[in-house]
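A.B. asks: Could you have a look at this structure, given as structure tokens, before my questions?
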Amino acid sequence: MHHFPATIKLLVVAVIATLAATACSVGSAVEAPSDDAELVRGQDLYTNNCASCHGSDGGGGRGPELRSAALLERYPTPPDLRQLIAVGRRTMPGFEGRFTDEQLDDVVRYTREVLGTAGFRE
């Protein structure tokens, strides 16, 4: 039987622990109801354009968590959020000209209704 030196065992444990922590920190994608075409389109747009920064579940990453109180207070209504997505802010690019008006509405609706960013008031 072959025995591994203690340093290799420790390295293997460290790698496994790191992988497990990383896997747990990545949010699962939140699925839109398949019978709602607007939400499905919004999910697709979010997944392909927003999730890399805000997380697949809106939980944050390089970009802020979409359910944070500060974000919800600053952008409490769909038009507020739509404007933010259209023009961008700080390191977030704007999507006006890249998304149609309908696409902007779809991604706003997905983030608010499916990811739970509807906030404090409509």
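Quick note: the coordinates plus some simple rules give every number you see, no bench work behind them. Just so you know, these numbers come straight off a predicted model, no measurement behind them. Note that each Cβ is placed from the backbone with ideal geometry, even for glycine, and that neighbours are counted across all protein chains shown.
A.B. asks: Counting other C-beta atoms within 10 Å, which of Tyr46, Tyr75 has the fewest, and how do the rest follow? Intermediate values should be presented prior to the final figure.
C.D. replies: Values: Tyr46 25, Tyr75 21.
Ordered from fewest to most neighbouring Cβ atoms within 10 Å, Tyr46, Tyr75 come out as Tyr75, Tyr46.
A.B. asks: Further question: What ranking of Val87, Val108, Val114 emerges when the number of other C-beta atoms within 10 Å of each C-beta is taken as an exposure proxy, fewest first? Could you put the intermediate results ahead of the total?
C.D. replies: On the way: Val87 12, Val108 25, Val114 20.
Ordered from fewest to most neighbouring Cβ atoms within 10 Å, Val87, Val108, Val114 come out as Val87, Val114, Val108.
A.B. asks: Something else now. Within region 49-122, report the chymotrypsin sites (Phe, Trp or Tyr not before Pro) that DSSP leaves as loop and that have at most 13 other Cβ atoms within 10 Å. If you can, show how the numbers build up before the last one.
C.D. replies: Working: sites: Phe95, Phe99, Tyr110, Phe120; in loops: Phe95, Phe120.
Loop-located and lightly packed - Phe120.
A.B. asks: Out of the trypsin sites (Lys or Arg not before Pro) in region 31-67, which ones are loop residues according to DSSP with at most 15 other C-beta atoms within 10 Å? Could you put the intermediate results ahead of the total?
C.D. replies: On the way: sites: Arg41, Arg62, Arg67; in loops: Arg62, Arg67.
Within region 31-67, the qualifying trypsin sites (Lys or Arg not before Pro) (loop, at most 15 other Cβ atoms within 10 Å) are Arg62.
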